[in-house]
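Derivation of every value follows stated rules applied to the coordinates shown; laboratory data play no part. What you see is a predicted model, and the numbers here were worked out from it, not measured in a lab. Please note: Cβ atoms are built from the backbone with ideal geometry, for glycine as well, and neighbour counts cover all protein chains shown.
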Amino acid sequence: MSKKVLIIYTGGTIGMEPSDKGYVPSTGLQPLLEQQLSHSTRSTLPEYDLIELSCLIDSSNLQPRHWTEIGQLLLARWDDYQGFVVLHGTDTMAYTASMLSFMFLGCDKPIIVTGSQIPLSQARSDGVENLASALAFACYNNLHEVCLYFGGRLLRGNRASKVASDGFTAFDSPNYPWLGDVGIHLRLNSALLLPQTPFDFRVPEFESGKVLVLPAYPGMPGAALRPLVQAAGVEALVLQSYGVGNPPDADTEFMALLQDMADGNQLVLNISHCHTGHMAQGAYASGSALNDLGVISGNDMTLEAAIAKVNMALHLPLNREQQRNWLATPVCGERSE
Ligand code: ASP
């Protein structure tokens, strides 16, 4: 195995160039990286190779098929590198970091997802520091999980969310401590890291249109949601309910919809609007209604992790009941019991 790190460049602000319509993805990142990682910095960093996605994207255009492509690039080169850095746009970085954690269960090397708020080609870019620290963390051999590094914070990938649209500390993991941080030194909180588990890599052909997300809100049109849920191809719903997992159970149209989903054997995963704390689905009668319908409690999962995990659950060679159990169980630190 080479001592090198593989950088997979998917697009995103870090490699973008200005155009008359605003920033757009741009190929040919290698010379810019070499130029930006100045000679003295460069000598302290690992050697790397860089490959690009077949079509670079603004990550607001991320689709499930891109997860398949990124996963295949990693899988094909897994044995050749000591660690991996995925350069990604910030808008959907936490979704991809989450999905990578479910694709590379039991990984024995770090996969560090990062990007920047200002392109490397522009003044005051935060991309140099983010990339340099991500490369350094990608060489830690006691780190065998998917992380998101950004603005001085090393976060568990499937616990991270974008929390600031224009700040350099754009990501946080409000419901789980940071795995590490960067100041003068790189610090890793070893006690928080995932233990090494057996390899269970899986890179399915993901498709769009299978998973629906529905945030509960006052005045939601229960009846009008029916065509969405019953659209061809929809197999699962991520419900974002209130507080400890309470839906508007007095909305009979909405509850009838959930009943029909249960009857139709569609998956329903319930998570909370809240950014911190745990769910207690059934602490209130409104939440008990969900238990009666077999809705799975997602406990303290982020929306990003919930969407990724449901997409993965649908591709596991399991029956629906086993898929439900898999969703209800922590598999790579994405949720509490
Ligand atoms: N729209 C950009 C993207 O997600 C934003 C960024 O990278 O910061 O690709």
What helix-only [θ] at 222 nm does the chain give? Using -39500 (n - 2.57) per DSSP H run of at least 4, over all residues, to the nearest 500, the answer is -8000 deg cm²/dmol
Per principal axis, descending, Cα span of region 1-150 in whole Å = 44, 39, 22
Expected max-MSF residue from Leu293, Leu74, Leu237 in the GNM of the chain (alpha carbon, under 10 Å) is Leu293
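I'd like the antiparallel share, as a percent to the nearest 5, of DSSP beta bridges with both residues in region 1-133.
Of the beta bridges lying entirely in region 1-133, close to 5 percent run antiparallel.
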Taking Cα atoms, how many degrees apart are the long axis of helix 93-103 and the longest axis of the chain, rounded to 10 and kept between 0 and 90?
-> 80 degrees
Interchain or sequence-distant (5+) residues whose placed amide H lies within less than 5 Å of the amide H of Asp172 are Ser161, Val163
Could you run the Karplus curve 6.51 cos²θ - 1.76 cosθ + 1.60 with θ = phi - 60° over region 10-22 and give me ³J(HN,Hα) per residue in whole Hz, x for Gly and Pro?
-> 9, x, x, 3, 3, x, 7, 10, x, 9, 6, 10, x
In degrees from 0 to 90, rounded to the nearest 10, what is the angle of the helix 127-137 Cα long axis to the longest principal axis of the chain?
-> 80 degrees
To the nearest 20 debye, the chain has a Cα-centred charge dipole, built from +1 on Lys and Arg Cβ and -1 on Asp and Glu Cβ, of 500 debye
Short version: ³J(HN,Hα) in whole Hz for each residue of region 205-214, in order, from phi by Karplus 6.51 cos²θ - 1.76 cosθ + 1.60 (θ = phi - 60°), x for Gly and Pro, what are they?
-> 7, 6, 10, 7, x, 8, 10, 10, 10, 9
For the chain, percent of DSSP beta bridges that are antiparallel (nearest 5) comes out at 30 percent
Here region 311-320 yields Karplus 3J(HN,Hα) values (6.51, -1.76, 1.60; θ = phi - 60°; whole Hz; Gly and Pro given as x) of 4, 5, 3, 5, 9, 7, x, 10, 7, 4
Once amide H atoms are placed 1.01 Å from N in the peptide plane, what residues at a sequence separation of 5 or more from Glu145, or on another chain, have their amide H within under 5 Å of its amide H?
-> Ile111
Within region 108-170, DSSP-loop trypsin sites (Lys or Arg not before Pro) with at most 12 other C-beta atoms within 10 Å are Arg124
Helix 252-263 versus the longest principal axis of the chain: what is the Cα-based angle in degrees, 0 to 90, to the nearest 10?
-> 80 degrees
If one computes the Cα centroid of region 260-337 and of region 111-154, what distance in Å separates the two points?
-> 31 Å
Would you please state the base-10 log of I(q)/I(0) at q = 0.07, 0.14, 0.15 1/Å for the chain, with intensities from the Debye formula using one equal scatterer on every alpha carbon?
-> -0.29, -1.08, -1.21
Taking the Cα centre of region 135-278 as the origin and placing charges on Cβ (Lys, Arg +1; Asp, Glu -1), which of Ala256, Leu228, Gly167 is farthest toward the positive end of the dipole?
-> Gly167
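Leu105: net charge of surrounding residues, Cβ under 10 Å, Lys/Arg +1, Asp/Glu -1, itself excluded?
-1
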Computed curve, region 234-280, Cα-only Debye sum without solvent term, log₁₀ I(q)/I(0) at 0.27, 0.32 Å⁻¹, is -1.02, -1.15
Pairs of lysines 8 or more apart, or on different chains, with alpha carbons under 25 Å: count those in the chain, would you?
-> 8
In what order do Ser161, Ser272 fall by count of nearby beta-carbon atoms within 10 Å, going from fewest to most?
-> Ser161, Ser272
Starting from the amide H of Gly11, placed 1.01 Å from N in the peptide plane, find each other amide H under 5 Å away whose residue is 5 or more places distant or on another chain.
-> Ile57
Taking only the alpha carbons of region 211-298, the radius of gyration and the largest Cα-Cα distance, Dmax, both in angstrom, are 11.9, 35
Under 13 Å, Cβ to Cβ, from Val234 - net charge with Lys/Arg +1 and Asp/Glu -1 = -1
Within region 152-253, what percent of beta bridges assigned by DSSP are antiparallel, to the nearest 5?
-> 60 percent
Once normalised by the length of the chain, the mean sequence separation of its alpha carbon contacts under 8 Å that are 6 or more apart gives a contact order in percent of 15 percent
